[in-house]
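What follows is calculated from the coordinates using simple rules that are stated; it is not laboratory data. None of these values were measured; they are calculated from a predicted model. Heads up, the Cβs are rebuilt from the backbone with ideal geometry, glycines too, and the neighbour counts pull from every protein chain shown.
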Amino acid sequence: MIERLFTLPGTSDVAALHALLRDAVESNASVGFTLPLTEAEIASYWNGVFAAVTSGSRVLLVARDEHAHIVGTVQLELAQKSNARLRCEVQKLLVLRSHRGRRLGFSLMQAAEQAARSLHRTLLCLDTSATGNALTLYGHCGYTRAGIIPRYATDPDGSLIDTVIYYKQLTP
């Protein structure tokens, strides 16, 4: 089940989101963090996300397993400038390693697109590691590869990586 969170979730959901981010970074996902990752960094990150969700500048979607535990997430950062309110950026597509291979990433991306449409956003963009696991997924979801920026970021282990930029036009 995928749902949109509108407010700060309960303690168990916050703990699950912390664990999800830690799992992604420790599996070498290039999602903006380097190792070692402290609990303070994780808490600060999610506090910022919840503040943005509350202000209406970010959409946070979560995937839950059959026990209602959070096992995946994706976010939309909504462009705020008046000339850019047609677009949003897909960020932090995360699925627990234990739940990968179950099409959760695909389902989260479909839910993100539906959320974007409901907010009258017609252009989605995202960036990902050129060696990341999600490259095939974005192609299957209909995203167009716009190009590569060499040596754009680092993996969690500190090694420099290229970043691939994708976009997708949505029909209203």
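Using only side-chain charges placed at the Cβ, +1 for Lys and Arg and -1 for Asp and Glu, the dipole size of the chain relative to its Cα centre rounds to 680 debye. Simple spin-label model, 7 Å along Cα-to-Cβ: ASP13 to GLN80 in nm? Calculated label separation equals 2.3 nm. Estimated at 0.36 nm per residue, the fully extended path between SER98 and MET1 surpasses their Cα-Cα distance by 33.3 nm. For region 71-172, what class follows from the C-alpha gyration tensor (a ≥ b ≥ c being the square roots of its eigenvalues): rounded when a/c is under 1.5, otherwise prolate if a/b is larger than b/c, else oblate? Verdict is oblate for region 71-172. At q = 0.14, 0.17 Å⁻¹, what base-10 log of I(q)/I(0) does the Debye formula yield for the chain when every alpha carbon is treated as an equal point scatterer in vacuo? Relative scattering, expressed as log10 I(q)/I(0), comes to -0.74, -1.13. With a cut-off of 13 Å between beta carbons, the residues surrounding LEU94 carry a summed charge of +2, where Lys and Arg count +1 and Asp and Glu -1.
Note on TYR167 and ARG22: the extension gain reaches 49.5 nm, defined as 0.36 nm multiplied by sequence separation minus the Cα-Cα distance.
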